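Chemist: Below is one structure. I have some questions about it.
The values are calculated or read from the model by the stated rules, or taken from the named source; none is laboratory data. Since the structure is predicted, the reported quantities are computational estimates derived from the model, not experimental observations. Here the Cβ is made from the backbone with ideal geometry for all residues, glycine too, and neighbour counts use every protein chain on show.
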Number of protein chains: 2
Amino acid sequence: MSADLAAPSEGPLAMICGGGALPLAVADYVAARGRKVVLFPLVGAAEGLPVERYPHHWLYIGQIYKFISLARAAGCREVVFIGGLVRPSIWRTRPNLRDLLFVPRVLKAFRGGDDHLLSGMARLLEDEGLILRGAHEVAPEILAPEGVMGSVQPTGADRADIDFGMRYLGAASPFDIGQAVVVADRHVLAVEAIEGTDQMLARVAELRTSGRIRAASGRGVMVKAPKRDQDRRFDLPSIGPRTVEGVVQAGLAGIAVVAGATVIAEADKFVAAADRAGIFVVSVPERQP
Amino acid sequence: MSADLAAPSEGPLAMICGGGALPLAVADYVAARGRKVVLFPLVGAAEGLPVERYPHHWLYIGQIYKFISLARAAGCREVVFIGGLVRPSIWRTRPNLRDLLFVPRVLKAFRGGDDHLLSGMARLLEDEGLILRGAHEVAPEILAPEGVMGSVQPTGADRADIDFGMRYLGAASPFDIGQAVVVADRHVLAVEAIEGTDQMLARVAELRTSGRIRAASGRGVMVKAPKRDQDRRFDLPSIGPRTVEGVVQAGLAGIAVVAGATVIAEADKFVAAADRAGIFVVSVPERQP
């Protein structure tokens with residue numbers, strides 16, 4: 001069976017859940033449409049989530065056979081990956097003997113950049129007859145709409161920084177680098193690679209404290225965009241209230257993302273936090289390659 | 001008077017000196033050819049250097065008029081900028097009234113990326129009749145020769161990482177971003193922006209300690225290249241013994257730079273340190289755009 005993204009949804013949705021607010025938000029959106037969900041929270045990532053609101057089965061990463069059996073038994077044909085996964089936790093695996101059969105393929109999936117990892121996992125599930133969906137396909141409510149969110153508007157200089165950052169991310173995209181960059185006055189202050197957006201923002205905050213940043217506080221934009229060829233079924237860039245905190249600490253003016261290609265965790269809280277902090281949030285149309 | 005890089009050297013060489021081992025090394029190479037040098041060590045950067053070996057005048061950054069007067073009085077027509085300059089020190093200025101006339105132009109030079117800063121300074125000096133030279137033009141001994149330095153050879157996988165890193169730096173070059181990237185198994189681990197190479201390497205070391213790097217210790221390359229359009233008269237990438245330390249801490253296999261376009265500080269110590277640490281150092285030919 002191959003993935004057919006145009007196929008109508010049918011049967012309960014299997015959701016493999018990492019951490020953060022998104023997994024339950026997506027489950028709620030899907031359930032609100034009358035579709036059943038079955039959660040598969042991951043040990044080491046999803047602790048503390050109110051998973052008991054839905055049928056659920058805890059999984060260790062690596063328990064792929066267990067997942068496939070349980071998903072099939074629950075009548076699920078479609079699977080969504082959603083939520084944060086700190087990389088070291090990936091190795092807290094507890095495979096049984098049958099899972100071990102998959103280990104060589106999982107290890108293969110882990111080589112190369114994130115994109116390779118994730119598309120390897122997708123093929124593995126699809127070979128077992130499960131269809132992988134993007135969370136934004138089953139719950140489009142989580143995507144950033146085009147335009148300014150909140151009450152703060154970017155200036156013309158901010159727009160120039162956003163354009164500069166988006167052009168850089170486009171140029172870096174073929175190299176499968178992280179998804180974010182900080183630009184102030186058309187000067188790149190930081191580029192995200194594997195450290196992640198939060199740590200990149202913390203670095204900008206430190207560089208500002210130590211006087212290494214010439215731009216005044218309240219100048220500069222955190223620009224985030226999907227990599228050109230990434231599998232959007234489980235790797236869209238995401239922002240949320242914690243991003244606002246990081247941007248404020250870094251002394252930046254705002255956040256720019258790509259409309260329809262960015263997940264916003266807890267959108268209401270996110271926009272309220274941005275407004276309180278006086279930073280803008282804008283979603284721009286996707287650039288064509 | 002305009003800069004004419006083909007003009008024969010004449011008269012003593014004025015050297016504006018930042019920190020590190022390079023300024024005196026260049027002075028020694030130039031003096032060994034029988035040319036006089038006059039050092040202008042910068043307060044806040046060049047302390048501790050044995051500047052007393054040559055005629056010298058300490059300068060605060062910003063004392064441009066004082067520099068121009070002293071350089072002219074010493075008969076210097078050519079100027080070299082050499083050595084490290086930590087950005088905050090740039091603001092420890094002590095201008096006199098006449099220097100203040102230059103302040104608007106200096107401030108203008110400070111806008112935009114490093115390249116703009118430096119080429120703005122170049123134009124300013126040239127308008128005053130001084131010719132700016134690259135340290136590598138007056139002391140070509142400081143440049144990395146093509147090929148493997150030291151006794152450790154890069155593997156085929158290392159060569160693939162080097163090529164990947166050089167291609168990324170080429171793509172990022174129009175954005176005037178930092179000059180270095182860390183690549184392991186064709187996966188970008190870190191990109192240098194304004195934090196500098198040493199801090200980028202420290203980040204890789206931390207990411208390794210925290211288990212965020214999948215590649216085994218002893219895999220990966222620090223790749224450094226000049227930006228395509230940068231003014232090489234004072235902004236060539238440089239490496240030295242401290243780079244070896246950073247690369248070792250980061251658990252990488254080696255260092256790759258561009259032959260003839262990279263300055264090596266204390267080359268003998270540098271190569272000896274790399275050999276002791278078992279890391280390779282290779283200079284590859286410059287890629288054509």
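Chemist: Looking at the structure I just gave you, is B:Ala144 within 22 Å of B:Gly20 (Cβ to Cβ), within 12 Å of chain A (Cβ to nearest Cβ) and modelled with pLDDT of 90 or more? Let's see the steps before the verdict.
Modeler: On the way: within 22 Å of B:Gly20 (Cβ to Cβ): yes; within 12 Å of chain A (Cβ to nearest Cβ): no; modelled with pLDDT of 90 or more: yes.
When the stated conditions are applied, B:Ala144 does not pass them.
Chemist: Could you tell me whether A:Gly120 is in a loop (DSSP other than H, G, I, E, B) and at pLDDT below 90? Can you show your working first?
Modeler: Working: in a loop (DSSP other than H, G, I, E, B): no; at pLDDT below 90: yes.
So A:Gly120 does not fit the description; no.
Chemist: Restrict the check to region B:176-198 and report whether at least one residue is over 22 Å from B:Ala267 (Cα atoms), among the hydroxyl-bearing types (Ser, Thr, Tyr) and either surrounded by 18 or more Cβ atoms within 10 Å (Cβ to Cβ) or modelled with pLDDT of 95 or more (or both).
Modeler: no
Chemist: Hey, can you tell me all the residues within region B:51-73 that are part of a loop (DSSP other than H, G, I, E, B) and either modelled with pLDDT of 95 or more or among the aromatic types (Phe, Trp, Tyr) (or both)? Working first, answer last.
Modeler: Here is the first cut: in region B:51-73, the ones part of a loop (DSSP other than H, G, I, E, B) are B:54-55, B:57-58, B:60-63.
Listed by number, the residues that qualify are B:Tyr54, B:Pro55, B:His57, B:Trp58, B:Tyr60.
Chemist: Now a separate question. Residue pairs, Cβ under 8 Å, 6 or more apart or interchain, first in region B:216-241 and aromatic (Phe, Trp, Tyr), second modelled with pLDDT of 80 or more and part of a loop (DSSP other than H, G, I, E, B). List them.
Modeler: Sorted first by the residue in region B:216-241, then by its partner, the pairs are B:Phe234/B:Gly134.
Chemist: A further question on this structure: Failed condition for B:Val152, given (1) farther than 17 Å from B:Ile255 by Cα; (2) more than 23 Å from the chain's Cα centre (by Cα); (3) away from chain A (no Cβ under 12 Å); (4) among the hydrophobic types (A, V, I, L, M, F, W, C), with all others met?
Modeler: Every listed condition holds for B:Val152 apart from (1).
Chemist: Taking region B:184-199, which residues are facing chain A (nearest Cβ under 9 Å) and of a type outside the set (Asp, Glu)? First the steps, then the outcome.
Modeler: First pass over region B:184-199, keeping only residues facing chain A (nearest Cβ under 9 Å): B:185-196, B:199.
Across region B:184-199, the qualifying residues are B:Arg186, B:His187, B:Val188, B:Leu189, B:Ala190, B:Val191, B:Ala193, B:Ile194, B:Gly196, B:Gln199.
Chemist: Among (1) surrounded by fewer than 22 Cβ atoms within 10 Å (Cβ to Cβ); (2) away from chain A (no Cβ under 11 Å); (3) more than 21 Å from B:Gly278 (Cα to Cα), where does B:Lys227 come up short?
Modeler: Only one criterion in (1) surrounded by fewer than 22 Cβ atoms within 10 Å (Cβ to Cβ); (2) away from chain A (no Cβ under 11 Å); (3) more than 21 Å from B:Gly278 (Cα to Cα) is unmet by B:Lys227, namely (1).
Chemist: May I pose another question? Could you say whether any residue in region B:207-219 is surrounded by 22 or more Cβ atoms within 10 Å (Cβ to Cβ), within 8 Å of another protein chain (Cβ to nearest Cβ) and not β-branched (Val, Ile, Thr)? Break it down stepwise before answering.
Modeler: Step one: of region B:207-219, the residues surrounded by 22 or more Cβ atoms within 10 Å (Cβ to Cβ) are B:207, B:213.
Keeping just the survivors that are within 8 Å of another protein chain (Cβ to nearest Cβ) gives B:207, B:213.
Checking the rest, the ones that are also not β-branched (Val, Ile, Thr) come to B:207.
Looking for residues that are surrounded by 22 or more Cβ atoms within 10 Å (Cβ to Cβ), within 8 Å of another protein chain (Cβ to nearest Cβ) and not β-branched (Val, Ile, Thr), one finds at least one in region B:207-219, hence yes.
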